[in-house]
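Encoded as structure tokens, the structure appears first; notes follow it.
The values are calculated or read from the model by the stated rules, or taken from the named source; none is laboratory data. Quantities reported herein were computed from a predicted structural model and do not represent experimental measurements. Quick reminder, even Gly has a Cβ in these numbers, built from the backbone with ideal geometry, and neighbours come from all protein chains shown. Note: areas computed on protein heavy atoms with side chains; ligands, DNA, RNA excluded. Shrake-Rupley method; radii C 1.70, N 1.55, O 1.52, S 1.80 Å.
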Amino acid sequence: MSGTHGTEKTAGPVLGTSTDTVPPEATSATGTPGDKADAIAAVTRVARAALPANGLITDPTELRTYECDGLAHYRVTPALVVLPETTEQVAAVVRACAEHGVPFVARGSGTGLSGGALPRADGILVVTSRMRAIREVRAADQRAVVEPGVINLDVTRAATPEGYYYAPDPSSQQICSVGGNLAENSGGAHCLKYGFTSNHVLGTDLVTPQGDVVQLGGLAPDAPGYDLLGTVVGSEGTLGIATTAIVRLVRLPEEVRTLLVGFRSTDDAGAATSAIISAGIVPAAIEMMDALAIEAAEAAVHCNYPDGAGAVLVIELDGAAVEVEHEYEQVERLCREHGSFEQRLAIDAAERALIWKGRKSAFAAVGRISPDYIVQDGVIPRTALPEVLRAIADLSSSSGVRVANVFHAGDGNLHPLVLFDGEKEGAGEAAEEVSGAILDLCISHGGSITGEHGVGTDKAAYMPRMFTDEDLDTMQLVRCAFDPDNISNPGKVFPTPRLCGEVPGKRKKPHPLVEAGLADAF
Amino acid sequence: MAQPTRVQSDEPQSDPRKAGAQAHGPVPIGSPTARPAFDDEHPPSAELISDCVHCGFCLPTCPTYTLWGEEMDSPRGRIDLMKAGLQGAPMTDSMVQHFDACLGCMACVTACPSGVQYDKLIEATRVQVERHHTRSPGDRAMRAAIFALFPYKRRLRALRGPLRAYQASGLPKVVRRSGLLDRLAPKLAAMEGLAPVLEKREKLPERVPAVGQRRAVVGMLTGCVQGEFFPGVNAATARVLAAEGCDVVIPRRQGCCGALSVHNGRQEEAERFARSTIDSFEAAGVDTVVVNAAGCGSSMKEYAEVLADDPAYAERARAFVAKVRDVSEYLAELGSVAPRHPLEVTIAYHDACHLGHAQGIRQQPRALLREIPGLQLKEIPEAEICCGSAGIWNVLNPEPARELGDRKARNIASTGATLLVTANPGCLMQVSSSLERQGTRMGLAHTIEVLDASIRGLPLSTLGPQ
């Protein structure tokens, strides 16, 4: 791997204890408030020296604007916000954090829906919004090299003139950052056919929790050795901070057809979805919205979905024109056979955009019909769709908590939106209970607690419902290999900090697994 | 300084949700002298604030976020600051700085899927800022000068003579090349650079009769900057309306509509201008008030809110608002009867923020322009992002305004159009100085001037360099 960008490359990933960069007896925070304040002051001094003057935020009122990401009901004001512009600046801040045992949290555009970028009151928030250069678009190689703060859609905008685009398309693609996508292994409507972020990131420069800069993967596909890149993508900021991403560009399809189909019920729409996939067709996307979600989207963007629909499917077919034509005929027939009462084919880009606008703004649009809501992100086998949707409807009617459904029907990734009014006594708790029960439903149907939003803060408590203690311990081994001091986004993903110790700071004793003779430290 | 929301716990993050709750509860005021940011008289509405779900869809369209990449200079960040203020945080200099930095372009209102009425929130906040914040002496003097000049036609007119003499003297080139003014007084330099080359003023009669059969009687706002710096736009507006069958009534005693005051939190001044504008047009007895400056039209459509607390005017303001139309909105409603002559030109149409974002008028001007045979219309990339003019923002914030202007100018140039068309005097001044800096020579015109040229069969050259 040639070092064409970034600096301070080591020959390869170096995983180890932080003894290289931190003196064994470095002054670490021991947990008293005074020590913590001193540690943060020390990191602040380093940051001030390394970053431009406007790259630090210390004013309490200003800090407050960083207290939450896209999941606004978790709020913590960070001790310091830094806005680095280069990999070296990120590394300098992280090295100081490592030296002083100060936790850090990375944040891109702050649109995540699992509280993955929730700050620490005793930590540093490293915001990548000023690292937004698209360094290279190598269309012929189908690669782009971008900084982590680059907006997802901007990669596509930069590649489109060359006939390419960046496939992962979260609903927030107009603002979410590539770095955040990488951390969360974000999906999107078109992941049914094209795969998640992990299928589209080929390399990254990672600032390790010790502050080293390592290069994982590269311009060439499938780097030899362990797939450390695969480990880092989707690690939710717990293994370091990505400061460069090499992403795959995909050729723009010759033909795209977007079809909006109205059904009387979610049962019919679910059955049609299964029928399409069973017929061997892989549409670029199959999205479903139920009546309540349609109502919200109509209120927000006047997307003009079919009147009286109990559910709509947005089906997009893309590829070679003859193939799309052939698939379109089958999809059209299968929808009709499964009870569709209206089908509309977008005749131009404007109509296609309007259909997608309804779908993509649906989460935030729910703000129009409810003051507060929880976005869930469960996954179920596609065949269980009708059954699980009925069970959600039952949960909703028995609890009196309204639930709107917007989801990627094609791959069984549900996004139930649990509506409540936070001002009403107990409403939040009731909503949370329904939200948790939905996740249980997903698990009991052989699914998962998150499809694409990540575990973050929000779902950490649900991890034990899906994984045994042994499973979680094994995951911790990976974490400890990268971040033995537990300073990289601590408190996320795992229910309680296990083994590495929750409290940031240097671990004094050997790792419990090492002590038990089960493992060696790297 | 008070730290109303800072959650500093010794325990590692036990329950962030609890921390949130804590942050939203009663807030200790840090120092005994710190007063909460807002008083009880129309603070930004807690209910409107609660509409924001923090999704971040506003960020990419916010000019200051695109410039600086900071939350507190984004719509949702400013809403967080308002929330802090409502919870008792004091109005610190930094808080005011972030409110002041907002251009008021309302691109976020367009982008917001949750329907947050940021326009109402920021205007309420600005009134509070004006009431409770003491600005630096320099800032105060600059603002005083601006508000003593721009809303007053006669004072602007008095400036025309010396300005024309200055422009004719060849001094501008020397001044700009020397960069002296930039160094000594950047805000003054900004004003110098923005002043358009003045055209001859055409005096408009009080009534312009309809051509042919009369279809309507409308009133026309002449505006301050529009009237004095772009008199041709007013003349063209009157001619086009007349050609389309309107008797155009132009009340002589009309003054400033108060747009700059409304958009800068100068409540009393805004009320005064609003009352007198309502008086003038009520006296004129017209059913429609046509406005050709986007900023003016947008603030006149807000009179009901501006005068909500005035028992003598609240109802009249509501009735007045129902009559206000942007000229393109009105012409599209009316439908055209006057024949159009071809104009073989490729234009780039720029949505003025106060027309597109604030009034939702995007299709009408485009439809009117497309009626002209031979005219080709190009869309400008990043159309939703403000050009940096924003009323007096470019005078108060010359550097970032220049960055935004240059970005807009690059996008405009990329369309390959030879004529830029927009509907606001501020945008025309801002974009023209950026295009000039970038060395792009192109014509600049108000939508109505293009229609006027087409209806009268004038050559393209009347619309500036092509």
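Of note:
- Magnitude of the charge dipole for the protein assembly as shown, about its Cα centre and with charges confined to Cβ atoms of Lys, Arg (+1) and Asp, Glu (-1), is about 4480 debye.
- Solvent-accessible surface (1.4 angstrom probe) belonging to B:CYS52, in square angstrom, nearest 10: 40 Å²
- Extension gain for A:ALA320-A:GLU337 works out to 3.5 nm (0.36 nm per residue, less the C-alpha to C-alpha distance).
- Restricted to Cα atoms, the range A:112-248 shows a radius of gyration and a Dmax of 14.2, 47 angstrom.
- Helix-derived mean residue ellipticity, 222 nm - over chain A, DSSP H n ≥ 4, -39500 (n - 2.57), to 500: -10000 deg cm²/dmol
- With a Förster radius of 25 Å applied to the beta-carbon distance between A:GLU429 and A:ALA461, the computed FRET efficiency rounds to 0.95.
- In the range B:52-150, a dipole from Cβ-located charges (positive for Lys and Arg, negative for Asp and Glu) runs towards its positive end, and of B:SER94, B:ILE122, B:ALA145 it is B:ALA145 whose Cα lies farthest in that direction.
- Shape category assigned to the range A:22-127 from the gyration tensor of Cα positions, a/c cut at 1.5: prolate
- Between B:THR346 and A:ASN199, the C-beta separation translates, for a Förster distance of 51 Å, into a calculated FRET efficiency of about 0.75.
- Summing Lys and Arg as +1 and Asp and Glu as -1 over all other residues whose Cβ lies under 11 Å from the Cβ of A:GLN376 gives a net charge of -2.
- Percent of beta bridges antiparallel (DSSP, the range A:22-127, rounded to nearest 5): 20 percent
- Charge sum, other residues only, whose C-beta stays under 12 Å from A:LEU395's C-beta, Lys/Arg counted +1 and Asp/Glu -1: -1
- Cα-Cα pairs of the protein assembly as shown separated by more than 55 Å (percent): 17 percent
- Subset of A:LYS193/A:LYS459; B:LYS120/B:LYS301; A:LYS36/B:LYS83 violating a 22 Å alpha-carbon distance limit: A:LYS193/A:LYS459; A:LYS36/B:LYS83
- Gain in span if fully extended, B:ALA338 to B:THR134, counting 0.36 nm per residue against the direct Cα distance: 68.0 nm
- Heavy atoms of chains B and A lose about 4100 Å² of accessible surface on contact, summed over both sides with a 1.4 Å probe.
- Cα gyration tensor, chain A - rounded (a/c under 1.5), prolate or oblate: prolate
- Listed residues B:VAL248, B:ALA37, B:PRO381: farthest to the positive end of the dipole of the protein assembly as shown (Cβ charges): B:VAL248
- Loop-located trypsin sites (Lys or Arg not before Pro) across the range B:421-461 with a Cβ neighbour count of 11 or fewer within 10 Å are B:ARG441, with loop assigned by DSSP.
- What you get for the range A:48-203, charging only the Cβ of Lys and Arg (+1) and of Asp and Glu (-1), is a dipole of about 80 debye around the Cα centre.
- A straight Cα-to-Cα reach below 18 Å connects B:LYS203 with the aspartates and glutamates B:GLU228, B:ASP247, B:GLU449, B:ASP452, residues fewer than 8 places away in its own chain not being considered.
- With a cut-off of 14 Å on the backbone N, the residues of the range B:99-125 near the modelled label site 7 Å out from B:ALA308 along Cα-Cβ are B:117-125.
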